[in-house]
Amino acid sequence: MKAQANGIEIEYEDFGPKDAPPVLLIMGLGAQLTLWPMPMVDQLVERGYRVIRYDNRDVGLSTKFHDAEAPAMTAIVAALMMGSKPDVPYLLDDMAADAVGLLDALGIARAHVMGASMGGMIAQMVAALYPDRVLSLTSIMSTTGNPMLPPASPEAMAVLTTRPSGADEEAIVAHGVRAEKVIGSPGYPADEDELTERVRAGFRRMHYPPGFARQMAAIVGSGDRRAALATITAPTMVIHGADDPLVPPAGGRDTAATIPGARIVEIPGMGHNLPEALIGQVLDAFEQVAKTPLTAER
């Protein structure tokens with residue numbers, strides 16, 4: 001399904017009763033809505049929620065910014081160091097506005113907002129910029145933009161930034177499988193055949209590398225977001241893998257330390273993905289804040 005939101009077209013899927021408490025799922029860098037595992041969606045519906053997952057701008061079946069080039073990362077970093085606004089096609093704030101625009105299009109006044117990786121950053125900005133639209137915030141394997149935090153492991157950064165050129169399906173699928181193994185959960189390794197089929201299905205649904213580059217520019221261009229995160233009033237849960245090589249656990253800890261009253265759950269054996277075996281634990285953590293009554297000022 002498609003919705004007009006914030007001046008663009010957003011591809012989304014909607015599950016569960018329309019009158020149930022809504023949960024908006026926001027996926028990460030270059031990732032399509034299909035990366036939210038269906039068992040997770042199904043379990044949320046079984047727990048009594050309406051679930052909406054969607055493709056961010058520049059990925060999947062949502063609007064592509066074909067005419068906008070991604071600037072060089074060196075230019076973005078230089079602008080941030082000089083205290084000026086980087087010249088990027090859009091920022092995380094714009095992607096947060098997309099999320100709220102989708103809620104508007106669906107007639108949803110307030111939602112539980114859950115994001116993974118870059119999606120966690122977007123979810124954080126929804127909670128910071130649109131506090132009256134957020135019932136709770138769940139930030140999974142994400143971070144704050146604090147430049148002093150430890151970086152990704154060299155191997156994780158390599159699979160993130162070095163991708164096959166062209167559109168050869170087998171090469172791209174093989175890289176995607178290797179990337180999942182590098183950044184995934186060492187305590188919960190994926191079945192090789194299932195992983196290959198999932199990566200192949202994602203490639204066939206949409207393969208659009210320029211969107212990945214522009215989304216990366218949005219992350220880097222948005223810089224340190226701690227001042228905004230410190231204003232969040234929604235009940236907040238931070239979930240992070242103790243073995244995440246792409247966004248080290250320090251990123252989750254910094255998120256929880258920055259957002260007032262945030263709770264944090266670190267999961268041993270979890271890396272930078274959502275293994276089916278951990279879905280129940282992730283959703284139990286989510287419900288710790290989803291079932292927290294909002295105070296009057298919220």
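Bear in mind that the values in this text are calculations on the coordinates, not laboratory data. Here the structure is a predicted model, which means the values were calculated and not measured. Cβ placement follows ideal geometry from the backbone for every residue including glycine, while neighbour counts extend to all protein chains displayed.
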Distance in nm between pseudo-label sites at D104 and A72 (7 Å out along the Cβ direction from Cα): 3.7 nm
Net charge of Cβ neighbours under 11 Å - reference A285; Lys, Arg +1; Asp, Glu -1: -2
Computed lengthening from D191 to E13, 0.36 nm per intervening residue step minus Cα-Cα distance: 61.5 nm
R0 of 41 Å, Cβ-Cβ distance D87-A257: FRET efficiency to nearest 0.05: 0.85
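Can you tell me the length gained on complete extension of the stretch V45 to S153, counting 0.36 nm per residue apart and subtracting the Cα distance?
The V45-S153 span can extend by a further 35.3 nm.
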Per-residue [θ]222 nm for the chain (sum of -39500 (n - 2.57) over DSSP H runs n ≥ 4, rounded to 500): -12500 deg cm²/dmol
Choice from G223, G28, G119 showing the highest fluctuation, given a GNM over the chain with Cα pairs closer than 10 Å: G223
Simple label model, 7 Å out from Cα along Cβ direction - D168 to D132, nm: 5.5 nm
Separation of the T161 and K291 label points, Cα + 7 Å toward Cβ, nm: 4.4 nm
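Compute the signed sum of charges (Lys and Arg +1, Asp and Glu -1) over the other residues within less than 11 Å, Cβ to Cβ, of H240.
-3
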Length added when fully stretched, A230-E266, from 0.36 nm per residue minus Cα-Cα: 10.9 nm
Order by protection proxy (mean Cβ within 10 Å, highest first), peptides 131-137, 189-195, 103-109: 131-137, 103-109, 189-195
Sites matching trypsin sites (Lys or Arg not before Pro) across the stretch 1-54 that sit in DSSP coil, with at most 11 neighbouring C-beta atoms within 10 Å: K18
Residue-by-residue Karplus 3J(HN,Hα) for the stretch 244-249, coefficients 6.51, -1.76, 1.60, Hz, glycine and proline x: 7, x, 8, 10, x, x
